[in-house]
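A quick write-up on the structure given underneath.
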Amino acid sequence: MIGENRIEKKFEQLEERNKAGLVTFLTAGDPDPNTAQEILNGLPAAGADIIELGMPFSDPMADGPAIQLANLRSLANGMTLQKTLDQVATFRTLDNETPIVLMGYYNPIHYYGTQRFIDAAIEAGVDGLIIVDLPPEEDEELCHPSMTAGLNWIRLATPTANDERLAKILKNSSGFVYYVSITGITGTHSAQHSDTNEAVARIRKQTDLPIAVGFGIKTVDHVASTAAVADAAVVGSALINTIEEGLTAQLPKSEIVKNLHTFVAELAKGTARDR
Amino acid sequence: MNTSDQSSAPESYRSGPDEGGHFGIFGGRFVAETLMPLILEVEEAYNRYKDDPEFRSELNYFSNDYVGRPSPLYLAQRLTDELGGAKIYFKRDELNHTGAHKINNTLGQILLARRMGKKRIIAETGAGQHGVATATVCALFNLPCVVYMGAKDIERQAPNVFRMKLLGAEIVPVTSGTATLKDAMNDALRDWVTNVDDTFYIIGTAAGPHPYPKMVRDFQSIIGIEARAQLLEKENRLPDTIVACIGGGSNAIGLFHPFLDDPGVNIIGVEAAGHGVESGQHAASLNGGKPGVLHGNRTFLLQDGDGQIIDAHSISAGLDYPGIGPEHSWLHDIGRVEYVSVTDDEALEGFQLCCRTEGIIPALEPAHALAHVTKIAPGMHKEQIIIMNLCGRGDKDVFTVAKALGVEI
Ligand SMILES: Cc1ncc(COP(=O)(O)O)c(C=O)c1O
């Protein structure tokens, strides 16, 4: 399975179909491992082009309240890094095309063992990694060995990066670039459309990699306006909010799964460029 | 302990960190990309000003006339007699304005923040001592101050919460995660990534991403520099042993650093063992944790088998942190400093002993250091000398201690 680049292929397909990609972010194991596996398995059919799975961590420093709670729910229900990898492996028995990117914080990987983790991730069918607290300054930790092993290393580009910093961010990036459209944590405010346009244009000058935009994208309209300038739109907290709402309303788990997939399908409508 | 026969011993123990902020494998800059430009900006500013004569003279002026430095090095004669062994000196940083060593650091950092043109200060606090020290310098320099504090800590440190409010700070109760110091630090970091343009984050201990561990150490090193000179003046010799308590490690590294290259000086850091390291309810990152990455640095952390951070426990809110500054992890790793631990009960005994024999109510944090002194002093010769960092006074802790002793006040 190594050598085949699902991410590259996916963006080629999207281009052929003249649409942007919908990237869904969910915390692995949220609200509980079984429900999460069902949610995961149904994401491609619902309209997700690329799947980001958050590896639960007790101290998600870059995340807002929605994702913080998702992390705690997942951990409280016994989720672990190993189980996250197992869920990817299970998903891969059903779908060998949709890229899966693991996103999270370094410590659980550090504890698991970096090389052991890289091998297990590749074995499970993971395509790339986004590790929030590993900036270019710490590339020797996980970035270099991951790229050597064939995993994509996807970095966050931010509004705080000037052109010089951007070059540093892009240097060891592969797969795609994830532009974080606001300064701040996940699930809070949304960016000004004009700012995002400008930033995407600035990044394009320095790279041929596809650009995904995320943080603050909550509705099909946000997806549509993002699709007009970027190669993909990332939706996270808004999806997680539907899980939380379902839990609060004490809906049966099957209903929560269904509502989530319905919302993904709705968001996916925003990705067409020739509407 | 003898480090001189270690073939791998570095030429100096005082030359770290390297350019990337590493002490051996510890330290570093493990932060979100949004923060990287800021951290680099803080580093550049710190390097520019740390030896700048004007910066130094301003820092000295406020240290002396506002904080009350130098703090005395005091021979605790009655305690010495009671224990019947080594001579015990207290480095009396509890006499500083605001009652702890924390202000040495907040003063340095706010002077830097002012030079960087920052308009808003944020801080995290556990016991509230760092929060008070930050709110104090913010009042002094007329800058708005937001302090993140775990909801649980707000409950057990009510007097400090009110103090901070009197000083004009806004207190944000932190309910995320486990609602304690580590979560307060998470929320302060979340504030910082949201307000990158105008805000300076005054971290309260010698931890966090580079350059904080180095910067905080440098500002706290005044403790060890003074103590060294004062003892030479009084006794014409260096101490045999120096002892300090460890939360994140700022008062300890402040005392230790100027002595690291004196091979004859035995250095001991005292962690909080809570109900006992084997009980799982403790704050002893070195004695009961494993290396990991949190809050911007690689260091020893309390964590479970999945790399999830475990909540610390100590009767002292100021030691109740699941990590430790990276320089201590390195000093532990190479064996230059010995790290021991002291339980809640032992600290409570040390606390009362200090009150009774010296007429000094210590903070529960240095009461841990004192408890260890009571273990080692009797076995030492009468000519030998111990310096213990009495880094905070105990007014803030009287309610906690009363409760632990079953007294209603
Ligand atoms: C009096 C006192 N000592 C020690 C500490 C622990 O911090 P550190 O290890 O950074 O000195 C605190 C923290 O609040 C404190 O208030």
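Worth a mention:
- Answer residue from the stretch B:367-409, given it is more than 11 Å from the ligand (Cβ to nearest atom) and among the basic types (Lys, Arg) and is nearest to B:Lys234 (Cα to Cα) among those: B:Lys382
- The condition of being buried (at least 21 other Cβ atoms within 10 Å of the Cβ) and either farther than 22 Å from B:Ala76 by Cα or not polar (S, T, N, Q) (or both) holds for only one of B:Ala369, B:Ala402, that being B:Ala369.
Matching residues to (1) within 15 Å of the ligand (Cβ to nearest atom); (2) touching a Gly at 6+ places or on another chain (Cβ under 9 Å):
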residue	(1), (2)
B:Val243	yes, yes
B:Gly254	yes, yes
B:Pro291	no, no
B:Leu294	no, yes
B:Phe300	yes, yes
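- Matching residues, the stretch B:259-275, being more than 16 Å from the ligand (Cβ to nearest atom) and either open to solvent by 10 Å² or more (accessible area, probe 1.4 Å) or in contact (Cβ under 8 Å) with a residue 60 or more places away in the chain (or both): B:Leu260, B:Asp261, B:Asp262, B:Pro263, B:Gly264, B:Asn266, B:His275
- Residue match in the stretch A:204-214 (condition: more than 23 Å from A:Thr24 (Cβ to Cβ) and crowded, with 17+ Cβ neighbours inside 10 Å): yes
- Filtered by the rule that a residue be free of Cβ contacts under 8 Å to residues at least 12 places away in the same chain and within 13 Å of chain B (Cβ to nearest Cβ), the stretch A:157-205 gives A:Ala161, A:Asn162, A:Glu164, A:Arg165.
- Test: residue in the stretch A:95-110 that is farther than 13 Å from A:Asn152 by Cβ, in a helix (DSSP H, G or I) and more than 14 Å from chain B (Cβ to nearest Cβ): no
- Among residues of the stretch B:348-366, those that are away from the ligand (no atom under 13 Å from the Cβ) and small (Gly, Ala, Ser), counted: 2
- The stretch B:276-304, residues that are surrounded by fewer than 20 Cβ atoms within 10 Å (Cβ to Cβ) and at the interface with another protein chain (Cβ under 8 Å from one of its Cβ atoms): B:Lys290, B:Pro291
- Residues in the stretch B:205-221 that are within 13 Å of the ligand (Cβ to nearest atom) and within 14 Å of chain A (Cβ to nearest Cβ): B:Ala207, B:Gly208.
- Extreme residue, modelled with the lowest pLDDT, among residues of the stretch B:120-158 that are within 20 Å of the chain's Cα centre (by Cα) and open to solvent by 30 Å² or more (accessible area, probe 1.4 Å): B:Arg156
- Long-range neighbours under 6 Å by Cβ, at least six apart or interchain, first residue under 30 Å from B:His130 (Cα atoms) and of a type outside the set (A, V, I, L, M, F, W, C) within the stretch B:365-384, second part of a helix (DSSP H, G or I) and at pLDDT below 95: B:Glu365/B:Gly318; B:Glu365/B:Leu319
- Restricting attention to the stretch B:161-204, the residues being in contact (Cβ under 8 Å) with a residue 40 or more places away in the chain, open to solvent by less than 20 Å² (accessible area, probe 1.4 Å) and within 16 Å of the ligand (Cβ to nearest atom) number 9.
- Subset of the stretch A:43-83 [among the polar types (S, T, N, Q) and open to solvent by 20 Å² or more (accessible area, probe 1.4 Å)]: A:Gln68, A:Asn77, A:Thr80, A:Gln82
- Residue in the stretch B:380-394 that is part of a helix (DSSP H, G or I) and touching a helix residue (DSSP H, G or I) at 6+ places or on another chain (Cβ under 9 Å) present: no
- None of B:Arg163, B:Arg190 is facing chain A (nearest Cβ under 10 Å), under 21 Å from B:Arg120 (Cα atoms) and among the basic types (Lys, Arg) except B:Arg190.
- All positions within the stretch B:305-335 that are within 19 Å of the chain's Cα centre (by Cα), open to solvent by less than 10 Å² (accessible area, probe 1.4 Å) and at the interface with chain A (Cβ under 10 Å from one of its Cβ atoms): B:Pro322
The values are calculated or read from the model by the stated rules, or taken from the named source; none is laboratory data. These figures come from a predicted structure and were not determined experimentally. When we count neighbours, we look across all protein chains shown, and the Cβ atoms used for this are built from the backbone with ideal geometry, even at glycine. Remember, those area values only see protein heavy atoms, side chains included, never the ligands or the DNA or RNA. Shrake-Rupley method; radii C 1.70, N 1.55, O 1.52, S 1.80 Å.
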